[in-house]
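One structure is given here, and the rest of the page talks about it.
The values are calculated or read from the model by the stated rules, or taken from the named source; none is laboratory data. Keep in mind that this is a model prediction, so the values were computed, not measured. Quick reminder, even Gly has a Cβ in these numbers, built from the backbone with ideal geometry, and neighbours come from all protein chains shown. In case anyone asks, the SASA skips ligands and DNA or RNA and just uses the protein heavy atoms, side chains included. Shrake-Rupley method; radii C 1.70, N 1.55, O 1.52, S 1.80 Å.
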2 protein chains.
Amino acid sequence: MLIVKKFGGTSVANKERILNVAKRCIEDYQKGNQVVVVLSAMGKQTDVLLDMARDINPKASKRELDMLLTTGEQTSVSLMAMAMDSLGVSAISLNAFQVAMHTTSVYGNSRLKRIDTERIKHELEDKKIVIVTGFQGINQYDDYTTLGRGGSDTTAVALAAALHADACEIYTDVDGVYTADPRMVKNAKKLDEITYDEMLDLATLGAGVLHNRSVEMAKKYGVSLVVRSSLNTSEGTVVKEEVKMEKMLVSGVAADRNVARISVVGLQDTPGVAFKLFNHLANHNINVDIILQSIGREGTKDISFTVTEDAVDEAVAIIKRHSEGSLKCQSVDVERNVAKVSIVGAGMMSNPGVAAKMFEALYGVQVNIKMIATSEIRVTVLIDDKSVEVATNAVHERFALGL
Amino acid sequence: MLIVKKFGGTSVANKERILNVAKRCIEDYQKGNQVVVVLSAMGKQTDVLLDMARDINPKASKRELDMLLTTGEQTSVSLMAMAMDSLGVSAISLNAFQVAMHTTSVYGNSRLKRIDTERIKHELEDKKIVIVTGFQGINQYDDYTTLGRGGSDTTAVALAAALHADACEIYTDVDGVYTADPRMVKNAKKLDEITYDEMLDLATLGAGVLHNRSVEMAKKYGVSLVVRSSLNTSEGTVVKEEVKMEKMLVSGVAADRNVARISVVGLQDTPGVAFKLFNHLANHNINVDIILQSIGREGTKDISFTVTEDAVDEAVAIIKRHSEGSLKCQSVDVERNVAKVSIVGAGMMSNPGVAAKMFEALYGVQVNIKMIATSEIRVTVLIDDKSVEVATNAVHERFALGL
């Protein structure tokens, strides 16, 4: 069996944890499996590097930031190879150049295009455990790129797909996927199984367990994932196409505090304005989530939308740059103290009353809804940041998820 | 003019120093020059990484050590590019993969074979300052290699040769090359010029200013070097083929404490024994310096030689592995508390009394000589480590180098 195992930064934060991960991988190897390990940078190393960069140049180019950040995973994979060697198993570390992990040209938020598997296969045939740097790639200029926060999950899934792996295990600091964040909701329950689509909505909405692109890719290539803890041996949650058990109406509640609302007020009410606005943002790789358009005063219109907090400043700057020209408007307002709460469930499609039930629960605890967005399998509301915990618990209870 | 400038770890140890180096490079750039900068890892980063490795696996493979160590320069070059950008000059950092810095396959102590200059030339034509990782290369397996301690000097000289640079400046924490270590000899004098050969002997012998391979390479390709301080703007020392000024009898005194003596006692007195001994060591890339062979008891012979301290354990292990077979001997002894003191000077060739003058000086301060080695332009003695300072001062004074 060929197994791809991914461990996050917390799992390799120090010598003891690195040795612990090494032992877990060796267990699988000694059962006769081929093992490919994908690692993130150690602990908070990525943040440490970002702080160093900001200290020298707050507006450092993304190209150079990626050059800097990729040292993080290279450090963790080489130390892991040394740890496995010390335990008597031959291992080799490989970075994005050595694997040939081709991505799009975008720095800081690149997408994987193609992975050469030759070197990895060669090393596996040589009876080695192969340890690959997560998160990083190279583009057509032979420059380092990174896949965005949490990108190591995507590396693992892409490797599993390219190598036709029999299993892809994502190790985190939680036991699996829960009906809500266990730190926020006391009786949150672990799910045994969840579909790609549900997981995708949960990932996008901030459940924080899996990087959303990794789930998209797993769905696309039919890679079934297991999310489990690196700290214990409990079973974890399987993410796959079809869940055998009876579909629950709602699988979980997700909260996301890393969000801000931008309101562009007094735009001209002419065709193409929304296109221009979001096209400018897309050109700078800024992902927009909930969008609300409303009629403004005197033949104008207002457009509000949410972005992640780290993208706010850039988004506002872009809009202001165009506000003299194609995006004439009266003002650009920013609200940072907001959060998203969402319910996700494959069973929602055929149950029209679900959204109303959620709103009722929020009304019951006096939480005001600022924006609403729905898809076939989710309902998201934007609320005040300070109400997140109350809202999440109320919704979790209303759908009896803890039972 | 195309200038290659190399800065060591001390010169880029923190934000302030990085900005200081950036400014110095920008000065040259703004005079219309093309500038290529070669950097070592920041401060003691290489040692920090080595400690991390040793903590996890004291016998870590050299392949994985190189994978780990190369993150050091990648960090410093990306931060330098950010620093230059912040000062308004476009800069780009490149690592060994991006430059294509081809080396031999040996890990930990590799030699440069070929440098592709395409990418660098392209970036220079694009009006960028190009910042290259020193010390590192890639071998035919696409694995990282390192050039050994101080290898960044070699990277700089090799780049200067490959790019046909007009100047190659090596910035260190000293003003230039001195007649002796100024920390040890108070009236040591800075030399304006020195020949490659003299510098080579000084580098090999532990003057610690330039990596010896860099001088070999500079000599081979006729690259004239300037050694100068990154902390002030004084002129430094030029290293070149011919020194115009009248050749001094002795240019300087060098001391090297990083040395140990190994004595292989009671070897069989048959042809080929010395060859076998040093061939085994060469196969493991262990450099041997002073060699002394003497007649032992009962038809045996003893061979003593010196190696750097970090190579002692490996060297002894290799000899002991073969001591049952081709290298039958009675014992292998190690003496660590020894040091080398050398005098170097192109003028020595035609002055036979120089060695005697040195021995007289040592006798005058009661320093016992354990081994002697001479070449056309140097005399080296092995003495007790604790006598190094006394010996160096006595020799420096005897040749009136401070005047």
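Helix B:15-30 against the longest principal axis of chain B: what's the angle in degrees, Cα atoms only, rounded to the nearest 10?
70 degrees
Ranked from the most accessible area to the least, with a 1.4 Å probe and all protein chains present, what is the order of A:Val365, B:Val316?
A:Val365, B:Val316
Nm distances between the label at B:Glu27 and the same-position labels in the remaining copies, 7 Å along Cα→Cβ, shortest first?
Spacings between copies for this position, smallest first, are 6.1 nm.
Run the simple label-point estimate for A:Asp47 and B:Arg321 please: 7 Å along Cα→C-beta, distance reported in nm.
That separation, rounded to one decimal, is 4.6 nm.
Ballpark to the nearest 100 Å², how much total accessible area do B and A bury together, probe 1.4 Å?
3200 Å²
Report B:Tyr221's accessible area, 1.4 Å probe, all protein chains in place, as a number in Å² to the nearest 10.
Spelled out: B:Tyr221, probe radius 1.4 Å, area about 130 Å².
Keeping every protein chain in place, order B:Lys127, A:Lys186, A:Lys276, A:Lys6 by accessible area at 1.4 Å, biggest value first, i.e. largest first.
Solvent-accessible surface, decreasing: A:Lys186, B:Lys127, A:Lys276, A:Lys6.
Report in % the part of the accessible area of segment B:57-168 that belongs to carbon and sulfur, leaving out ligands and nucleic acids; probe 1.4 Å.
Taking all protein chains in place, segment B:57-168 shows 48 percent carbon and sulfur surface.
Past 22 Å, Cα to Cα: identify those pairs from B:Lys113/B:Lys220; B:Lys31/B:Lys121; A:Lys6/A:Lys44; A:Lys128/B:Lys44, in the order given.
Listed pairs above 22 Å: A:Lys128/B:Lys44.
Got a number for the accessible area of A:Glu198? Probe 1.4 Å, square angstrom, nearest 10.
10 Å²
Could you give the length gained on full extension between A:Leu292 and A:Lys59, defined as 0.36 nm per residue of separation minus the Cα-Cα distance, in nm?
Full-extension gain reported as 80.8 nm.
To one decimal in nm, how far is A:Gly299 from the same spot in the other copies, if labels go 7 Å from Cα toward Cβ? Please give the shortest first.
Distances to the matching label points in the other copies: 11.7 nm.
Take chain B, connect every pair of alpha-carbon atoms lying under 10 Å apart with a spring to form a Gaussian network, then pick out the residue of B:Ala160, B:Ala346, B:Ala274 with the largest mean-square fluctuation.
B:Ala274
Normalise the Debye intensity by I(0) for the protein assembly as shown, one equal point scatterer per Cα, no solvent, then take log10 at q = 0.05, 0.08, 0.09 Å⁻¹ and round to two decimals.
Summing over Cα pairs of the protein assembly as shown leads to -0.36, -0.80, -0.94.
A:Asp153 accessible area, nearest 10 Å², 1.4 Å probe?
Surface open to solvent at A:Asp153 totals about 10 Å².
Relative contact order for chain A: what is it in percent, counting Cα pairs under 8 Å that are at least 6 residues apart?
14 percent
Out of B:Asp385, B:Asp126, B:Asp116, any idea which swings most in a Gaussian network model of chain B, alpha carbons joined below 10 Å?
B:Asp126
Between segment B:304-338 and segment A:107-163, what is the C-alpha centre distance in whole Å?
44 Å
Any chance you could run the full-extension gain for A:Glu241 through A:Asp173? It's 0.36 nm times the residue separation minus the Cα-Cα distance, nm to one decimal.
22.1 nm is the gain from fully extending A:Glu241 to A:Asp173.
Can you figure out the FRET efficiency of A:Val334 with B:Asp126, using R₀ = 60 Å and their beta-carbon distance, to the nearest 0.05?
0.95
Among B:Gly236, B:Gly32, B:Gly272, which one shows the biggest mean-square fluctuation in a GNM of chain B, springs joining Cα atoms closer than 10 Å?
Answer for the Gaussian network model of chain B: B:Gly272.
Please list, ordered by chain and number, the residues whose modelled amide H lies under 5 Å from the amide H of B:Thr172; skip anything fewer than 5 residues away on the same chain.
B:Arg228, B:Ser229, B:Ser230
For A:Ser375, place a label point 7 Å from Cα along the Cα-to-Cβ direction in every copy; what are the distances to the other copies, in nm, shortest first?
Here A:Ser375 shows inter-copy label distances of 6.9 nm.
Could you tell me the relative contact order of segment B:260-335? Use alpha-carbon pairs under 8 Å, at least six residues apart, and round to a whole percent.
It comes to 50 percent, rounded to a whole number.
Give the accessible surface of the protein assembly as shown per residue, rounded to a whole number of Å², with probe radius 1.4 Å and ligands, DNA and RNA excluded.
Here the per-residue accessible area is 43 Å².
Can you work out the PRE-style zone for B:Thr270? Point 7 Å along Cα to Cβ, and I want the residues of segment B:316-340 with backbone N under 17 Å.
It comes to B:322-330, nothing else.
Put A:Tyr171, B:Tyr178 in order of accessible area, largest first, 1.4 Å probe: what do you get?
Reading off the accessible areas and sorting them downward yields B:Tyr178, A:Tyr171.
Apply 1/(1 + (r/R0)^6) to the Cβ-Cβ distance of A:Tyr363 and A:Ser224, taking R0 = 30 Å, and write down the FRET efficiency to the nearest 0.05.
Once the sixth-power term is evaluated, E becomes 0.15.
Between helix A:45-56 and chain A, what is the angle of the helix's C-alpha long axis to the longest principal axis, kept within 0 to 90° and rounded to the nearest 10?
The two axes meet at around 60 degrees.
So if I restrict to the alpha-carbon atoms in chain B, what is the Rg, and what is Dmax, the biggest pairwise distance, in Å?
Every Cα atom of chain B included, Rg and Dmax give 22.4, 76 Å.
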